[in-house]
Structures are given as C-alpha cells and as structure tokens.
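Enquirer: One structure follows; several queries about it will come next.
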C-alpha cells in the first residue's frame, strides 16, 4: 500500500509541475501576443499595465501550483533534509508570490485611477 501511495504521489506531483509549466507557457504566449499587438497598434485600448497584470496573475497561479507539487513530492516519508528543502522552497515561493501580488494590486489601483 505504501508503494502505491508513493507512486501515486510522485505522478501527481509531476502532473502538477507540468500543469504549472503549461500555465506559464500559455501566459507567456498571450503576453507576447498582446505586447506585440500593442507595440504595432498603441491605440488598441490595452495598456502595458493591463498586459503585465494579466501575466503576473498567471505567474502567481503557477507559483502556487509549483509549491503544491513540492509539498506532494515531500509528503511520503520525508527526511529532515527533504523537509528543510521544502521549507526553503516554500518560504522563497511564498515571498515571491506575496510581492508579486502586492505589485499587481498596486498596478491595478494605478490602472483604475
């Protein structure tokens, strides 16, 4: 039973990492498309701020998915080394997410004003 749980958790962790990569890839493609379109037609009604906010929002989702994948990877019989690595990764990703969210909120407020 333990082997099944470990295998399932590993596959689930890998799947969540792939989903995060897909979210980033799609967000990047949308960002590039909108940015290039805006460069060619600056009067299209979309601001650089709006484009950045949309991209940043997708990055926050991807960061949360990656943190979830790391938690899953460490969930089954972790060593103290694994727990330390997870704690470091969690702190870094949470800090990145916090500051990104804060910047997005500030940019949204500026964009609405």
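Enquirer: Going 7 Å from the Cα of residue 98 along its beta-carbon direction, which residues of segment 36-64 have the amide nitrogen within less than 13 Å of the resulting point?
Expert: From segment 36-64, the list is empty.
Enquirer: If you count, for each residue, the other Cβ atoms within 10 Å and average over each peptide, how do 35-48, 5-18, 60-73 line up from highest to lowest? Let's see the in-between values first.
Expert: Details: 35-48: 11.6, 5-18: 14.1, 60-73: 18.2.
Final packing ranking: 60-73, 5-18, 35-48.
Enquirer: Using the Kirkwood radius over Cα pairs, work out the Stokes-Einstein diffusion coefficient for the chain at 25 °C and 0.890 mPa s, in µm²/s as a whole number. Write out the running numbers ahead of the final one.
Expert: Details: Rh = 16.1 Å.
It comes out at roughly 153 µm²/s.
Read-outs throughout are calculated quantities, based only on the coordinates presented, and are distinct from any laboratory measurement. Every value quoted in this text rests on a predicted model; they were computed, and no experiment measured them. Glycine gets a Cβ as well: all are built from the backbone with ideal geometry, and neighbour counts include every protein chain shown.
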